1. Check residue 16 against each of (1) open to solvent by less than 60 Å² (accessible area, probe 1.4 Å); (2) more than 26 Å from residue 64 (Cβ to Cβ) and name the one condition it does not meet.
2. What's the total number of residues in the range 442-467 that are assigned to a loop (DSSP other than H, G, I, E, B), within 15 Å of residue 86 (Cα to Cα) and of a type in the set (A, V, I, L, M)?
3. Could you tell me which residue of the range 77-102 is surrounded by the most Cβ atoms within 10 Å (Cβ to Cβ), considering only residues that are within 17 Å of the chain's Cα centre (by Cα) and closer than 20 Å to residue 472 by Cβ?
4. State which residue pairs qualify: first residue open to solvent by less than 70 Å² (accessible area, probe 1.4 Å) and inside the range 342-360, second residue polar (S, T, N, Q) in any location, beta carbons under 6 Å apart, and separation of 6 or more residues or different chains.
5. Based on this model, can you work out whether residue 202 counts as surrounded by 13 or more Cβ atoms within 10 Å (Cβ to Cβ) and aliphatic (A, V, I, L, M)?
6. When residues of the range 209-240 are filtered for being surrounded by 13 or more Cβ atoms within 10 Å (Cβ to Cβ) and without any contact (Cβ under 8 Å) to a residue 24 or more places away in the chain, how many remain?
7. When you scan the range 402-424, how many residues do you find that are over 24 Å from residue 337 (Cα atoms), open to solvent by 40 Å² or more (accessible area, probe 1.4 Å), touching a helix residue (DSSP H, G or I) at 6+ places or on another chain (Cβ under 8 Å) and at pLDDT below 90?
8. Within the range 425-450, which residues are at pLDDT 85 or above and buried (at least 17 other Cβ atoms within 10 Å of the Cβ)?
Amino acid sequence: MHPIGTVQLLTSVPLSGTPVERGVTRFPLVGARVYSLDPSLVAWIVERVSDADAEEAALLLDLAYLPGTVSAKVRVTPERLLGRHCAVLGATGSGKSWSLARIIERLSKFDAKVILLDPTGEYHALTDKVAHVSIGGKDEPSECDDNAFPYTDLEERDLFALFQPAGKIQGPRLREAIKSLKLARLLGDSDPLVEAGCIPKAGREKKPFDDAYALHSASLEEPKANFDISKLVKQIEYECVWPSGWGTRTGERDFTKWGDPHEGDFSMCTTMIARIESDLSSPQFAPLLHPGTSPSLLDTIEGFLANEALSVLRISLRHLAFDRNVREMVANGIGRSFLRFAREGRFRELPLVVCVDEAHQFLNKELGDEFSRYSLDAFDLIAKEGRKYSLSICLATQRPRDIPDAVIGQMGTLLVHRLTNDRDREMVGRAAGDLDRAAAEFLPALVPGQALLLGVEFPIPLTIHVTPPVIPPDSKGPDFQKHWKRKPESPAAIPTQA
């Protein structure tokens, strides 16, 4: 027998002690002997940092070990793992949630700042330097605070997606009503333009309104929905007027005034008005439309960033409604706030890592219809811009194919667990240029907990076994043995032989 093997050259390890280099600087001679590397040397190659990073080398995250030997630990610096963003990919039951929990646990050992968006509530057991908040209802653990995400922290386009104006009448009337209510809030009830928090228009002069709007245009043009939403239905009714009135003397059109109420426009808006009234009275939309005395989530985030004793803030979205894309809107609003903080330079001295579990629920989404459509792009922008503002993102998903190519391509580090879908493996192959076909075909054979670690900051793709977290997430499936009891068969059900 003459066995034939295939050798793939991945990296060069200089004997002079200089940093490990990606690629091959000098090819071996044909016929040169091949030796199997000791696992500790493989771990050293992954851990090796440049001389410029020597001071930060002490800050290492103990994430995994090499399969077959627990002693060969795989430790990486935060710069390599998260500096260019990170994605944890894997099918259900492959260990994806455990890997994310392990990363968060390791980061909490340092003076890090991590915010976790938890759509399912499975990370409620995290304890070390962790604060828990929820939106839409009380969640575990017992000290978890119930927060609100008031509509004033959303943008006008979010409300358009929520109220779903249809056709060419409802959208403009809703937009004008929001503009009028924002102006009424700035002017106050004492202003002659304002009546009971609204601005009536039928038969009124346009110039006072236009002058007041021009005076406050800087505030009114901001996308924030800063107005009294309880007055929205009444203001929509006020907006349903003819665009011009009639002159009392000339009998001709008077374009300096609004006309009489337009019954046709109002009848076209009745379906939207009914939807708004229903939403305002619905308990499932209360965290947005009627926050009450619950603290605002953005205020909680501000307090967390200023609290040196806390490293992790877990935000549970478990109790948020699925209807009308409320979850997606809130998550996008949170991401938009992170990006605004980053652009203000808030994270220069204290980098922030945002972990998004079940990321396929929040990325690559579009809301609205053909008349008013917009993308939920907050996390896309973080992936593209966040690095220069010291804002990193760590995505975890079981459906890589649902993540936009432009986003997955920004992930500098991939932690890939078992993937059985060929489209998912193709996506990983496109995102990681150094993943060859043989390695991609090996992904379906990974056992739970095993993963392929690869990225631009790692000299070689490496198969690792992620160390189980100290407190694993509650991601177990149904316990059929416990809940499905075998019922005794009745005599009538037992077949008899004829």
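The values are calculated or read from the model by the stated rules, or taken from the named source; none is laboratory data. On a predicted model such as this, the values are computed, not experimentally measured, just so you know. Cβ: placed from backbone, ideal geometry, glycine included. Neighbour counts: every protein chain shown. Keep in mind that these areas ignore ligands, DNA and RNA; they rest on the heavy atoms of the full protein, side chains included. Shrake-Rupley method; radii C 1.70, N 1.55, O 1.52, S 1.80 Å.
1. Exception for residue 16: condition (1).
2. Within the range 442-467, residues that are assigned to a loop (DSSP other than H, G, I, E, B), within 15 Å of residue 86 (Cα to Cα) and of a type in the set (A, V, I, L, M) number 1.
3. The qualifying residue surrounded by the most Cβ atoms within 10 Å (Cβ to Cβ) is 89.
4. 347/390; 353/392; 359/397; 360/397
5. yes
6. 1
7. Total meeting the criteria: 3.
8. Correct list: 446, 449, 450.
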